1. If the Cβ limit is 7 Å and pairs must be 6+ apart or interchain, which residue in segment 68-89 that is outside any helix (DSSP H, G or I) pairs with which residue that is polar (S, T, N, Q) and buried (at least 17 other Cβ atoms within 10 Å of the Cβ)?
2. Of the numbered conditions (1) part of a loop (DSSP other than H, G, I, E, B); (2) touching a residue at least 60 places away in the same chain (Cβ under 8 Å), Arg63 fails exactly one; give the number of that condition.
3. Residue check, Cys45 against (1) over 24 Å from Arg126 (Cα atoms); (2) modelled with pLDDT of 90 or more; (3) surrounded by 14 or more Cβ atoms within 10 Å (Cβ to Cβ), all met but one. Which one?
4. Scan (1) modelled with pLDDT of 80 or more; (2) touching a helix residue (DSSP H, G or I) at 6+ places or on another chain (Cβ under 7 Å) for the single condition Val132 breaks and write down its number.
5. Would you confirm, using the coordinates I've provided, whether Arg89 is surrounded by fewer than 20 Cβ atoms within 10 Å (Cβ to Cβ), modelled with pLDDT of 90 or more and over 20 Å from Arg10 (Cα atoms)?
6. Looking at segment 66-86, which of the residues that are surrounded by fewer than 19 Cβ atoms within 10 Å (Cβ to Cβ) and under 22 Å from Ala123 (Cα atoms) is nearest to the chain's Cα centre (by Cα)?
Amino acid sequence: MSPSSYQTVRLARGRHQSPDQGACVMELASMLATEPFSDRPDSVCPVIAAFLRAYNDGLPDDRRQDLYEYAAKVVGSVSGRRVRRTRARRCLLWYASEIPGARQPSTLGLMCAGWTLGSVGRAAARASRSSVATHHSVLRLLDELLELGGSAGRPSLDLERVGAPQGLMPQL
């Protein structure tokens, strides 16, 4: 059996020792960025990475495959402190407005209440299990988070160019 590559790996829950065991969306991003295999790639904004690690792990397998393109989109998203704070605030505000039953406290209130980007990602995944609309809202949120950092100077990874498997291209 040949070793797995970014072209053959299937997105899976959890952390993996190698792509042969599968990869979470962040591990795939590390592969696409040609970094050491890790769920914490240096080239990805830590805010987006924290949210995506938790979201990846909470999704059912079929919806998890929609994250394949985001592994490429997030490469090069690392930004300065101001952008990271803006992204974190946007995640928390998204949570307060989109997740059924969530209260509408201030962003500071959410942070003081112990909400982390991982817990927001896990809550989003729970809601997305039963709602395709919530899943699509998360994907729009991810696009918005990436736009907050701008694309100036950020390398763009095109899945068609790098040869992403057709069966794993998301269908929105």
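1. Val75/Ser43; Gly76/Ser43; Val78/Ser43
2. (1)
3. Condition not satisfied by Cys45: (1).
4. Result: Val132 fails condition (2) only.
5. Against the criterion (surrounded by fewer than 20 Cβ atoms within 10 Å (Cβ to Cβ), modelled with pLDDT of 90 or more and over 20 Å from Arg10 (Cα atoms)), Arg89 does not qualify.
6. Of everything passing the filter in segment 66-86, Arg84 is nearest to the chain's Cα centre (by Cα).
The values are calculated or read from the model by the stated rules, or taken from the named source; none is laboratory data. These numbers were taken from a predicted model, which means no experiment stands behind them. Neighbour counts are summed over all protein chains in view; Cβ atoms, including those assigned to glycine, are modelled from backbone coordinates with ideal geometry.
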